[in-house]
Structures are given as structure tokens and as C-alpha cells.
Amino acid sequence: MTQPKVIGVVTTGGDAPGMNAAIRAVTRIAHSQNCQVVGFERGWEGLIMNNFRHLTPRSVGGIIQLGGTILHTARCPEFKTPPGILKAAKTLKEHNICGLVVIGGDGSFRGALELSKISDAQMVGIPATIDNDVYGTDETIGFDTAVNTAVMEIDKIRDTAISHERIFIVEVMGRQRGFLAATVGVTVGAEIILIPENQCEVGSVFETLKDNARKGKRAGIVVAAEGCGKVSEVAKEIEEKTGSEVRLTILGYVQRGGTPTARSRLLASLFAEKAVELLVRGKGNWAVGLQKGAVVSIPLEEACSNQKPIDMSLLKLNDMLAI
């Protein structure tokens, strides 16, 4: 009798709403294909320390609506060392893992690529990050949820901004990329959007706000990605130079948690189906993603070697909408 294939699954890097939906989908689809599933706990640390649990269709019941990840995730400096990667490869071999599904962002994909160089297990990456910065996919698991969370909070802030005739600068996540800030900015009707990819001079921000005041706008929302620098200093300068009351709100980790939206859950299920399909067919070292509405796969190395371009036309659109 043929032994069933064993597929591993791990969530690494920052958590994103919809990771649990992806774990559930990988597990159930794999079992439907007569495969067993082993979940490694606390990210790459689980592979190094051999911390795992067997996942079954029943053990992943009731998690599709939960934020975070039931497998947990943690930083693991040891995995960045050759001995650490070797330990992870030995763990995969010990469990007879034929393929490992890595759910995470671009850093997770790079880790999977390094592991693939010394492991016989095939790697497949599922993009899950609120930053939406993974090359090869138009959208990542968790991005839609994070956008909706930020929009809900900023809508409330705007009520106060209008009531008190103040300018609010709202900092959203995005240390290096501005996908979240750009999308959130347009959808909340922000007067100004600041992202790392567009080095906007503070002087132009002052001029825009002064021009808005001349038009009769006495309140405003500025959405800034955290990677734009010390937003608190920008807020102080704006207050000093415009004479307007300015308040700073940092949304922080609230954007990473919460119940995943239907969109994030759907992507998790679609990506999981593609990932398991690839591994069952014996194909590995791929990343799955969404391109022009279709679920696709691209070489993992390609996903790791390229930077996803941001749609700068969103900023132009926002300028027209903010008049």
C-alpha cells in the first residue's frame, strides 16, 4: 500500500488576518488528496526545535474566522545561520515531509528559498501580509482586512476632525512600502497621502493644507505610512506653520489582528488549493498569487528577487478627489 504524502505547513513573519483560513484550507484540501499534514509551531523555530502538531480536518475546525495564527509565529535569528537552516532541513526529513507550505511575506519566501537549497522537500509560498508587498501577486492574504480595519478607524477620526475643525495625521503600517497607506488614503478621502516611495517635501504638505484652508476646508486627514519618518515632527511643523490644530493618531498593531474579511478568507482558500495542487503533482519552489483575477504560480526565486511596483496612479487619483 502506498504511503500517503506528508505536507508540512508553517506561518512565519508577521501575522496577517486570514492565516488561519489558509492553515484550514491547506489541511482539508491535502486530506482530500490522501495527504497527511504536519503543522510546525512558532515559525521557523518550530522546524529548528522540532515543535509540531498533526493537523486533521477536525483539528482545524472553527478557525476560519479567527485572526492571527493557531500555529503561532516568532522571530528566529538562528534560522538565518547555516546551522539553523540545516536543523530545519533535518526536521523535514525526519517527518518525511515531501513539501512545505510557507505562509507569510517576502521575508518568509526568502527563508523558504534558502531552505530549499539543502532540503529535498519542495517549497510553496502562500503570500500573507498586510503590507501587500510580495512580488508576483496583486493581493496578499490579510491586506483587504487591514485596509478595512484602518478605514473603519479613520472614519471615526474624521468625525472628530470635522467637529473640532482639526487636521489629523493618521499613521498606518508600512515600514518600507506604501501599499496600505495608498489604498487606505483613497478610500477614506484623505487630503494627503504620504508613502516611502514618493519623497514628498514637507513644504508641499504645508502648501496643500493652506490651499485647502483658502477653499474653506477647516479639517483634514493626512494618511502616512510609518516608513515616511518621524510623523510626530511633521505634525508639529504643520501646526506651527499653518496655525491649525493638528493631532497625530498611530493605528499600530490593530491593523494586524481581527476577524479576516470575506476577501481575505477567499484568497486563503484559493491560494491553499493551488499550493496543495502543486505539491501533490511533485512541483515545488513556487509561490502562488493572484494576477488579473486568476490564481497563478511563479518561481519562488523570481518572487524573492524582484520588488513589487506600487501603483503611483492612486496618488494622482487622490489629488483629483481631494480638491
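The values are calculated or read from the model by the stated rules, or taken from the named source; none is laboratory data. Because the structure is a prediction, the values reported are computed rather than measured. No Cβ is skipped: glycine too gets one built from the backbone with ideal geometry, and neighbour counts run over all protein chains shown. When the accessible area is computed, the model is the full protein with side chains, heavy atoms only, and any ligands, DNA or RNA have been set aside. Shrake-Rupley method; radii C 1.70, N 1.55, O 1.52, S 1.80 Å.
Brief remarks follow.
- Residue check for Arg263: open to solvent by 70 Å² or more (accessible area, probe 1.4 Å) and either assigned to a strand (DSSP E or B) or closer than 18 Å to Asp106 by Cβ (or both): no
- Any chance Gln176 is assigned to a loop (DSSP other than H, G, I, E, B), in contact with a helix residue (DSSP H, G or I) (Cβ under 6 Å, 6 or more places away or on another chain) and either among the acidic types (Asp, Glu) or open to solvent by 30 Å² or more (accessible area, probe 1.4 Å) (or both): yes
- Asn212 being among the polar types (S, T, N, Q) and either in contact with a Cys (Cβ under 8 Å, 6 or more places away or on another chain) or in a loop (DSSP other than H, G, I, E, B) (or both): no
- Of all residues in the range 288-323 being within 20 Å of Gln33 (Cα to Cα) and buried (at least 19 other Cβ atoms within 10 Å of the Cβ), the one that is nearest to the chain's Cα centre (by Cα): Val288
- Selection status of Leu100, more than 15 Å from the chain's Cα centre (by Cα), of a type in the set (A, V, I, L, M, F, W, C) and either in a loop (DSSP other than H, G, I, E, B) or buried (at least 24 other Cβ atoms within 10 Å of the Cβ) (or both): yes
- Count - residues of the range 25-73 that are open to solvent by 20 Å² or more (accessible area, probe 1.4 Å), in a helix (DSSP H, G or I) and free of Cβ contacts under 8 Å to residues at least 40 places away in the same chain: 5
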